[in-house]
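Worksheet: one structure, shown below.
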Amino acid sequence: MSRVLIAGVVALLISIFLGPKFIDFLRRNEFGQHIREEGPEHHFSKQGTPTMGGLLMLLVASITFLALSTYTVPALTVLFVTLGCGAVGFLDDFIKLTHRRSLGLSGRWKLILLGLITVGVAIATRHQHLPTEVYVPGIGHLQLSYAWYGLLFLVIAGAANGVNLTDGVDGLAAGTGIIALFTFASMIVISWIRSGRPGHRFDTKLDLAIIAAALIGGAIGFLWYNAWPAEVFVGDTGSMALGGALAAFAIFTKTIFLLLLIGGIFVIEALSVVVVLLKKKYGGGRIFWRVRM
């Protein structure tokens, strides 16, 4: 249990310590946020704010986890999905920055790359002999067989893109992501305490808790510099990484449908975007209005 606490504290302190140097590096290389011209006027003040701050969070969390980990397959797979989705987000950010526009990697390429990440997760779940079934409240256990792998893709792609949409231009992914990660970390620690015996399950749960704590610590350290007025944004690099991490935790803790509640804000955000796009394509007019307080 002490290693879990150490992982969170160390990641937090390193993130805060390295933050100013990292932000200065982003500024010197002009890695600044680009704002859509059709967006609200008050967003234009954020033009040029350093982005890709998620790189710092991922670097700190990875180093901390690898230093304290017992290297179990589930925890390493969570790290793989987190870094893999982060890499997809990095490509998106990099294209935006190099082309000086707000549009980055195409949706098709995002899905292809997320599909490749899903293949890696599928191999890991087979290695761990995870059952290809899900528990649906009110229905019971459903055996999915090969449809299980399709569900893995939907969970990973849905979570990564859902958190990315929630982040938006206001940088909301880190705060909401921390809450969701803390929920998973709490569940894992409680389950670990209740199991209370050494062996494979003991090590796996401890390892999962360590990487969750490292991500939380890194994200809180990032928030130190993301608080208003933001000195840095997490970018697609960080938001997609957080989404991938949540998806991987849901898969390996066998709580896929519970993710809909834990990540409820991301589900609502994604659905609202879908509704707006459908309305714009087929009906026109506004659905949501901004309320000034």
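Of the conditions (1) at pLDDT below 90; (2) among the hydrophobic types (A, V, I, L, M, F, W, C); (3) within 18 Å of residue 87 (Cα to Cα); (4) surrounded by fewer than 24 Cβ atoms within 10 Å (Cβ to Cβ), residue 174 fails just one. Which one is it?
Here residue 174 clears every test but (4).
Being open to solvent by 80 Å² or more (accessible area, probe 1.4 Å) and at pLDDT below 90 is the filter here; which residues of segment 4-52 pass it?
25, 27, 28, 30, 36, 37, 38, 41, 42, 44, 45, 47, listed by residue number.
Which ones in segment 223-254 are under 25 Å from residue 28 (Cβ atoms) and either open to solvent by 10 Å² or more (accessible area, probe 1.4 Å) or of a type in the set (Lys, Arg) (or both)?
Listed by number, the residues that qualify are 223, 224, 225, 226, 227, 228, 229, 230, 231, 233, 236.
The values are calculated or read from the model by the stated rules, or taken from the named source; none is laboratory data. Bear in mind that the values here come from a model prediction, so they are computed numbers and not experimental data. No Cβ is skipped: glycine too gets one built from the backbone with ideal geometry, and neighbour counts run over all protein chains shown. These area figures cover heavy atoms from the full protein model, side chains too; ligands, DNA and RNA do not enter into them. Shrake-Rupley method; radii C 1.70, N 1.55, O 1.52, S 1.80 Å.
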